Amino acid sequence: MAPSEFVSRSHILHRSFSDRPAKVVAGDGISLVLESGKKVIDASCGPSVSCLGHSQPEITDAITNHLKNDIAYVYSGSPYTNGATEELADILLSHKPGGLSKAIFVNSGSEATDAALKLAVQYWHERGQPQRTHFIARKQSYHGNTIGALCVSGHESRREFYKDFMSSNVSFLDPCYAYRMKGKSESDEAFAQRLARQFEDEILCVGPDRVAGFVTETVSGTTLGCLPAVPGYFKLIRAICDKYGVLLILDEIICGMGKTGTMHAWQQEDIRGPDIQTIGKALGAGFVPLSGVLLHQKIFDALSAGSGGLAHGHTFQAHPLACAAAIAAQKIIKRDNLVERTAQMGKKLEILLRREIGPLPLVGDIRGRGLFWAVEFVVEKDTKTAFSPRINFCNHVVKQSLEMGLNILGNLGYTGKYQVDHVIICPPYIVTDCELEEIVSRLKAAIVKTSQPFV
Ligand code: PLP
């Protein structure tokens, strides 16, 4: 692809070399303001990040107050801690959700995944089972772009160049993608049992004493498009993990921190919780880069009784300023009951999407939870035939939406067999009724216009 004139001149290495990216100069509520003056409703919070919108004076004040009155940076690898980090961990964990009782704060979701994998491996070392280094993950999954995170990500195109770097100690199972993978007469229960059997068979094949953990998103985000598992799936997975001592590692970097209508997405799965959980994106509401790993007391106990420390760390880990911003964001979410609001507004979004977008000819499936929804496109509804990847239909919808003043996220997921051509709509928790109607109306117009050459 030939670089655009702008991209050639820019000293930033842009992700796409062909497009000229629109320059954003300000935020206004849930909208982005472009250099041209045009306002774009951010209906996907970037990649599911800016859950409180783009202008939030309380967070700006918290950041400036922190800089005036507290420490901007202190290295948490030295014998220090800081008030903001301790307070944020208290906010998230003082009630010990699912037995999760300790936190590590890092800068990105990929770092959180790497830390989660390393914690699992360290845990087994401390427990006298150092041979447990194998992870089971799922096809067409995404847990981050660092090499460690890519090792457990079944995202073929992101892995492609780096395959020789990847650990072979990972196996990939089918995702819980009912729209295409559930048999015509198969019940949700039978489908969940089939996938659970596959999981147990894989543990037995690798050897239960070699498997460190099972890594999965609770609600799949960018690869499979806001895909919750069928009811009962996670109960079966949790039971099999318990049977063989395999750690359940849930990635809630994109789907967690309130987005699905509960603080943690696993709280809707009738399980006691994961052993290790990653969080990110909405944690700092996009005002700061911040992600984290939450771990069960049993992981801490093993490390504590063993080497007595964490064999992992980063320079900017537990950054006080980032934690101060996240405290402000989490306090607003709690004070304004925004998680409950997300569940309520999510019902409204679902109704609008199903009514306005569902009947469009190239729309195959609409799915999601809370304020985290996707629309999957197909060439033909009845056969569920996917678009060819060369067409990249979702990308055209994203571009058309931008023309219409709407930002959404488009992804071409690939399961190994199917193209999961979809767009994600996950507006901020503060979205109003009117804004939801406007989002769906603009989305509909963009899909209709993009569809014209294909229908
Ligand atoms: N895990 C999931 C589920 C994600 O969606 C992402 C990013 O999109 C990551 C991990 C990686 O996060 P980051 O881009 O902050 O490294």
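Restricting attention to the stretch 262-288 and to residues that are closer than 26 Å to residue 63 by Cα and part of a strand (DSSP E or B), the residue that is nearest to the ligand (Cβ to nearest atom) turns out to be 278.
Per the conditions (1) of a type in the set (Lys, Arg); (2) within 17 Å of the chain's Cα centre (by Cα); (3) more than 14 Å from the ligand (Cβ to nearest atom), the sole criterion not satisfied by residue 259 is (3).
Having 1 or more residues that are over 21 Å from residue 326 (Cβ atoms) is the bar; report the helices (runs of 4 or more DSSP H) wholly within the stretch 53-169 that clear it. Spell out how you get there, then give the answer.
Numbers: elements: 57-69, 83-93, 109-126, 147-151, 156-159.
Ranges flagged: 109-126, 147-151, 156-159.
Counting only residues that are without any contact (Cβ under 8 Å) to a residue 60 or more places away in the chain and under 14 Å from residue 391 (Cα atoms), the stretch 413-434 holds 2 of them. A single entry from 349, 402, 412, 353 fulfils the requirement of being modelled with pLDDT under 95 and not in a loop (DSSP other than H, G, I, E, B): 412.
The values are calculated or read from the model by the stated rules, or taken from the named source; none is laboratory data. Not measured: the values here are computed from a predicted model. Heads up, the Cβs are rebuilt from the backbone with ideal geometry, glycines too, and the neighbour counts pull from every protein chain shown.
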